[in-house]
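Reviewing the structure listed below.
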Amino acid sequence: MERVVLQKALADAGVASRRASEAIIKAGRVKVNGITISELGARVDAHADVIAVDGHRITIVDQKVYFLLNKPKDVLTTNSDDRGRKTILDIINIPQRVVPIGRLDIGTTGLLLLSNDGELVYELTHPKFEHEKEYEAEVEIPSDWGEGILKKGLDRLQQGVRITTGRTRPAKTRLIKKISTDHYLISITIHEGRKHQVRQMINAIGVSVVSLKRVRMGPIELGDLKEGEYRELTEQEVSALKKKNSH
Ligand code: URA
């Protein structure tokens with residue numbers, strides 16, 4: 001984590017203004033990891049160091065931040081990987097400790113929300129809140145199939161199909177367009193978030209997945225953000241997200 005001058009850490013924690021915090025430091029009222037610091041200039045990691053003023057530990061409350069990343073392929077959703085593969089932390093530069101809200105497979109691209117708001121992360125990842133997740137998939141159908149058979153398969157997905165973890169709940173599906181012979185773009189919207197769920201569902205109707213992209217989570221849309229790009233959510237988007245079951 002970023003190291004900051006002690007008076008800034010105190011000001012960020014709401015102890016006093018930066019100028020007043022300098023006076024508090026000079027008066028010998030501040031200890032960092034048990035050691036009194038009375039000169040200006042010391043740098044601290046406000047999250048890792050134990051900072052106390054007049055014997056009372058201060059706590060840093062990070063400003064809550066909400067980001068939308070278009071995750072590229074070959075990047076892991078986790079914050080670290082013991083096999084040295086690229087993770088989302090390698091491609092973002094956000095000072096707050098954000099975590100991904102839900103997961104995308106390494107091969108999946110698209111909308112990934114990142115936040116340090118623990119409550120919202122919990123709500124959005126807990127199945128009981130049932131936020132919709134919408135995906136677009138390029139699929140390849142067997143060469144002896146026509147569009148009609150694919151459409152029947154998409155209807156079956158709406159009812160639910162059997163995957164490794166059991167039967168899926170009803171989903172919304174739609175054929176968006178034909179891309180080329182045997183290749184189609186489809187839309188699939190689910191409420192659950194089981195491992196490899198969309199890929200397994202598509203495979204369950206005899207179709208292969210060429211690529212998979214998440215385009216929406218609840219009220220938040222990916223829009224025209226390019227792969228690897230990210231932006232902060234607007235205030236309207238954050239309040240829409242916080243309205244439970246808004247979609
Ligand atoms: N379903 C999948 O199969 N993969 C994802 O990344 C997300 C949903």
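Every number in this text was worked out from the coordinates using simple rules, so none of it is lab data. No experiment lies behind these values; they were computed from the predicted model shown. A quick note on method: Cβ atoms are made from the backbone with ideal geometry, for glycine too, and the neighbour counts reach across all protein chains shown.
Using θ = phi - 60° and the Karplus relation 6.51 cos²θ - 1.76 cosθ + 1.60, list the HN-Hα couplings for region 211-219 in order, rounded to whole Hz, with x at every Gly or Pro.
With coefficients 6.51, -1.76 and 1.60, one gets 8, 9, 9, 8, 10, 7, 9, x, x Hz.
What spacing in nm lies between the two simple spin-label points modelled at Lys73 and Ala27, each 7 Å away from Cα in the Cβ direction?
The answer from the label model is 6.2 nm.
In nm, what is the difference between 0.36 nm times the number of residues separating Leu175 and Asp81 and their Cα-Cα distance?
Once the chain is fully extended between Leu175 and Asp81, it gains 30.2 nm.
Rounded if a/c is under 1.5, else prolate if a/b beats b/c, else oblate: with a ≥ b ≥ c from the C-alpha gyration tensor eigenvalues square-rooted, which is the chain?
Since a/c reaches 1.5 and a/b is larger than b/c, the shape of the chain is classed as prolate.
How would region 159-242 be classified by its alpha-carbon gyration tensor: rounded, prolate or oblate, with rounded meaning a/c under 1.5 and the a/b versus b/c comparison settling the rest?
Verdict is oblate for region 159-242.
As I understand it, the dipole of the chain uses +1 on the Cβ of Lys and Arg and -1 on the Cβ of Asp and Glu, about the Cα centre. Which of Val209, Asn79, Thr164 lies farthest toward its positive end?
Sorting the options by dipole projection puts first Thr164.
Compute the length gained on full extension between Leu225 and Arg167: take 0.36 nm times their separation in residues and subtract their Cα-Cα distance, giving the result in nm to one decimal.
Value of the extension gain: 17.5 nm.
If the elastic network links every pair of Cα atoms under 10 Å, which of Lys26, Lys226, Lys128 fluctuates the most in the Gaussian network model of the chain?
Largest GNM mean-square fluctuation: Lys26.
If you put +1 on each Lys and Arg Cβ and -1 on each Asp and Glu Cβ, how big is the dipole of the chain around its Cα centre, in Debye rounded to 20?
480 debye
What shape does region 4-57 have by the C-alpha gyration tensor, where a ≥ b ≥ c are the square roots of the eigenvalues, rounded means a/c under 1.5, and otherwise prolate means a/b greater than b/c and oblate the rest?
rounded
Output the Kirkwood hydrodynamic radius of region 1-116, Cα pairs only, in Å rounded to one decimal.
Computed over region 1-116, the radius equals 16.2 Å.
Relative to the longest principal axis of the chain, what angle (0 to 90°, nearest 10) does the C-alpha long axis of helix 147-159 take?
Long axis of 147-159 versus the principal axis of the chain: about 50 degrees.
Could you tell me the distance between the Cα centroids of region 70-98 and region 1-34, to the nearest Å?
Spelled out, the Cα-based centre of one part sits 32 Å from the other.
Post the alpha-carbon centroid distance, region 37-64 to region 108-178, in whole angstrom.
When both Cα centres are located, 46 Å separates them.
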